[in-house]
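Worksheet for the structure shown next.
FYI, it's all coordinate maths here, none of it is from the lab. No experiment lies behind these values; they were computed from the predicted model shown. Counting neighbours? That spans all protein chains shown, and the Cβs are built from the backbone with ideal geometry, glycine included.
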Amino acid sequence: MEYFFTCPYCGEDISMVLDTSVGAQTYIEDCEVCCRPIEISYAVEDDALVEFNARRNT
């Protein structure tokens, strides 16, 4: 599933493909624009995204 969000560092819109076959996931992904590490976490139920969070990796 493609998902769009805003980088918590530079404010640019980013698209990312989320794996909906897992119930919940947390990982670090670098911003495509500013290359800073973003902590991505999300939850999926019945193939629908129910929670998404993108925050600065501290």
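Return the residue satisfying two criteria in turn: it lies in the stretch 1-19 and is hydroxyl-bearing (Ser, Thr, Tyr) and under 22 Å from Val50 (Cβ atoms), and of such residues it is surrounded by the fewest Cβ atoms within 10 Å (Cβ to Cβ).
Filtering first and then ranking leaves Ser15.
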Inset, instruction - Can you work out which of the residues in the stretch 20-44 that are of a type in the set (Gly, Ala, Ser) and surrounded by 13 or more Cβ atoms within 10 Å (Cβ to Cβ) is nearest to Arg56 (Cα to Cα)? - result: Ser41
Inset, instruction - Starting from residues that are in a strand (DSSP E or B) and within 14 Å of Asp13 (Cα to Cα), keep the ones in the stretch 30-52 and report whichever is nearest to the chain's Cα centre (by Cα). - result: Ile38
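Run down Tyr9, Tyr27 and say which single residue is part of a loop (DSSP other than H, G, I, E, B) and without any contact (Cβ under 8 Å) to a residue 60 or more places away in the chain.
Details: Tyr27 fails: part of a loop (DSSP other than H, G, I, E, B).
None of the other options fit; the residue is Tyr9.
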